[in-house]
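Can you keep this structure in mind? I'll have questions shortly.
Every read-out reported here was derived from the displayed coordinates using simple, explicitly stated rules and does not represent laboratory data. Just so it is clear, the model here is predicted, and its values are computed rather than measured. Neighbour counts run over all protein chains shown; Cβ positions are idealised from the backbone, glycine included.
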C-alpha cells in the first residue's frame, strides 16, 4: 500500500545535475512510522519492507523504478530509504517535468487486522545532491495524526450479493470514486 508521495522538479534549467539522495546527508527519504496514540498493537513486524519508487506521475504502477528498500526502524525512529545506490535513476531532468517519489509499505501476511500506523516526517526529509553545489534537503514536516492513519485490513474479498464491511479509520464518511460509475459517499453506521 502507498503511504507517501511527493512531487519534485528541478525548475532552474541551469545545467546542474540534481540527484535524489545525498551520501553525506539525507540519503533519500526519511519517514517516521508509529502506532497510533490510541495504541492498536502495531509493531515493526507488521511491515516487511518499505520501497521507494521514482514515478512520472503520482500513481504507483509497473513502469515505476525502484530506487531503494528498507526494513522499518524501531517505532519513533526515522526509517531512511537510501537512494544513493540507484545510479542514473536518481537524476532529475534539468528544467524538465516533475518526478514523483512514492513509498510503498509491504505488509506481512501475518500482520494483525486492525493494527494501524501513522506516517510522519521531519523538516528536510528528502535529500538532494546538486553538482557542483553543496548538498541540501527539502520537505516540510509531516505531523502524524491518529485522524490520518493507515489501517491494516484483510485482503479484498469478492462480494456477490449481500453486504461488505469496510474498515473506517475514525472518519464518519469516505468519498469513493468508482471509475465509469461516478462518486459515492459511504457513511459510518456504527
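Quick one: which of 18-29, 70-81 comes out on top by average Cβ neighbours within 10 Å, and what's the full order, highest first?
Result, highest mean Cβ count within 10 Å first: 18-29, 70-81.
In addition: Taking 0.36 nm per intervening residue step and subtracting the Cα-Cα distance, what contour gain separates residue 57 from residue 123 on full extension?
So the extension gain works out to 21.4 nm.
Quick one: if you stick a label point 7 Å off each Cα along the C-beta vector at residue 43 and residue 3, how many nm between them?
The two pseudo-label positions are separated by 1.6 nm.
Using 0.36 nm per residue of separation minus the Cα-Cα distance, give me the extension gain between residue 133 and residue 113 in nm, one decimal.
Here the answer is 2.5 nm.
Modelling each spin label as a point 7 Å along the Cα-to-Cβ direction, I'd like the residue 147/residue 24 distance in nm, to one decimal.
The answer from the label model is 4.2 nm.
Please report 4, 108 as a ranked list, fewest other C-beta atoms within 10 angstrom at the top and most at the bottom.
Starting with the residue having the fewest Cβ neighbours, the order is 108, 4.
Could you tell me how many cubic angstrom of Cα convex hull volume segment 2-156 has per residue?
Dividing the Cα hull volume of segment 2-156 by its residue count gives 114 Å³.
A further question follows. What relative contact order, as a whole-number percentage, does segment 2-156 give when Cα pairs under 8 Å and 6 or more residues apart are counted?
It comes to 36 percent, rounded to a whole number.
Which of 32, 67 comes first, and how do the rest follow, when ranked by fewest Cβ neighbours within 10 Å?
The fewest-first ordering by Cβ neighbours comes to 32, 67.
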